[in-house]
Amino acid sequence: MAPVTVKKICCIGAGYVGGPTCAVIALKCPNIIVTIVDLNKSRIDAWNSPDFSLPIYEPGLVDVVKEARGRNLFFSTDVDKAIKEADLIFVSVNTPTKKSGVGAGFAADLNYVESATRRIAAVATSSKIVVEKSTVPMRTAESMRTILEANSKPGLRFDILSNPEFLAEGTAISDLFSPDRVLIGSLQTPEGLDACRSLIEVYANWVPKERILTVGLWSSELSKLAANAMLAQRISSINALSAICEATGANIDEVAHAVGRDSRMGPKFLRASVGFGGSCFQKDILNLVYLSESLHLPEVAAYWRQVVIMNEYQKRRFSKTVVDTLFNTITNKNITVLGFAFKADTGDTRESAAITLIRDFLSERAHVTIYDPQVEEAQIWYDLAEAIPDTPIEQIKKQVTIAPNALDAAKNSEAVVIATEWKEFIDIDWKAVYDTMNKPAFVFDGRMILNADALRQIGFKVKTIGRGEKI
Ligand SMILES: NC(=O)c1ccc[n+]([C@@H]2O[C@H](COP(=O)([O-])OP(=O)(O)OC[C@H]3O[C@@H](n4cnc5c(N)ncnc54)[C@H](O)[C@@H]3O)[C@@H](O)[C@H]2O)c1
């Protein structure tokens, strides 16, 4: 049998991955009809909104959707119709960490992947290539195949591919336009290799063939977990060194620069910060920890677990620095937190370090004012309610204010804390901020984005993560 030429794609899951990825596929493959479906109607309504108020913020995304939507890109809640019509289906649903049951706190919750797979089996009336786009534990493809084969109509074939997504939020569109690599895992059978060729032809519309890597299914599934674990490990490594810098007077910027000049290592992902966040790093490492434990490899599990422990330590260390520096108490003091998203250029707040810092400040009975250029107020209240489940939201609202801009946020506060590296925080009129603050006025730069010397000249007392200056 020759490889199928893909004419219709269905993507199940219109989130941070499914939305941008399949919008770019539609843009780059005008001959393929791409339908992105989701059970969440308000999300789909936002993707279809006439004024392009899309459900996620990602630089460049609106332009992609403007060009392709209605041409060969569609968003719909009619999951069944899109499944039926498609030759190839991306499963791009969420795979969060399990909150209860076996593996709680570590294993991935595969409930959404399983529901989507069962739906495919229930409604498909023709053979399909089913592609795992979600990040999944190893051998999930095998479970998907078993479910599909046990529940589908006779005579249908389902070929499962693994095609993990490596985009980074904030640069998703440029990552998708020019990926370092596209990874496709398949069974090494004639049918598996044919399915792999079908997907290669889709990407080959814009990705140079030498960047499309083909491997076995299990290697592909593990490579995604490995890539995230190793990226997070670099951050925890530099953060561990930042603690040594602060204690000794060395400068983590200088250390990172010197280390990164080694061509075996390179300069990327060596930026100390208040800790990594996002929906993936912690979840995927914990997944790897769980996998290692299930395989009776406790030393391997402990090794990866330490990356997460170090990240938690970094966040706690930073909030403690704030309390210690403000004369060992922040009770009733006003702390301004600039940034709530887990990193710049996204509105995503999942596992954001800002949430942990704010929770720590509130537990010290400080008043906190938050400003973020992209995150909606409702999301902030939602996240704080979830992070502090024992305190009613009305009580939290008495201690927290959300401000419309940085200057308003800083008014009458004792300290400004930079939690997200938004570029606009560099360009704030810091003299104006200083004038409105209580004195002494402190800045805690958890992202190393500000010019500490310039701030000191204005009169601020400044602490930058990874720098050991005394103030
Ligand atoms: N966010 C990232 O930067 C990133 C990067 C690479 C990989 N990933 C992985 O991609 C996957 C998706 O992540 P995300 O950030 O896009 O998640 P998300 O929560 O933003 O989106 C998932 C969407 O799937 C929908 N969904 C769930 N079950 C469904 C079903 N049965 N039918 C239809 N829709 C359903 C949800 O309503 C939701 O809108 C995860 O496995 C994640 O680990 C994420």
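The table that follows gives values for the structure above.
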read-out: Long-range HN-HN contacts of VAL337 with modeled amide H, under 5 Å; value: THR369, ILE370, TYR371, VAL417
read-out: For region 276-282, Karplus couplings with θ = phi - 60° (6.51, -1.76, 1.60), whole Hz, Gly/Pro x; value: 7, x, x, 7, 9, 4, 5
read-out: Whole-Hz couplings from phi, Karplus 6.51/-1.76/1.60, listed for region 356-361; x for Gly and Pro; value: 5, 4, 5, 4, 5, 5
read-out: DSSP-assigned coil residues among trypsin sites (Lys or Arg not before Pro) in region 149-230, each with at most 10 further Cβ atoms within 10 Å; value: none
read-out: Qualifying lysines (Cα of each under 20 Å from Cα of LYS398; at least 8 residues distant if same chain); value: LYS333, LYS411
read-out: Euclidean distance between Cα centres, region 1-28 to region 223-260, Å; value: 36
read-out: Estimated vicinal HN-Hα couplings, Hz - region 392-408 in sequence order (Karplus 6.51, -1.76, 1.60; Gly, Pro = x); value: x, 4, 4, 5, 4, 5, 6, 9, 10, 10, 10, 9, x, 7, 5, 5, 4
read-out: Interchain or long-range residues, amide H under 5 Å from PHE90's placed H; value: CYS10, CYS11, ILE12, VAL131
read-out: Low-density loop cleavage sites - chymotrypsin sites (Phe, Trp or Tyr not before Pro) in region 240-336, where at most 10 other Cβ are within 10 Å (DSSP); value: PHE327
read-out: Cβ-based net charge around PRO267, under 13 Å, with every Lys or Arg adding one and every Asp or Glu removing one; value: +2
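All of the numbers you see were taken from the coordinates with simple rules; none came from a lab. Since the model is a prediction, treat every value here as computed from it, not as a measurement. Please note: Cβ atoms are built from the backbone with ideal geometry, for glycine as well, and neighbour counts cover all protein chains shown.
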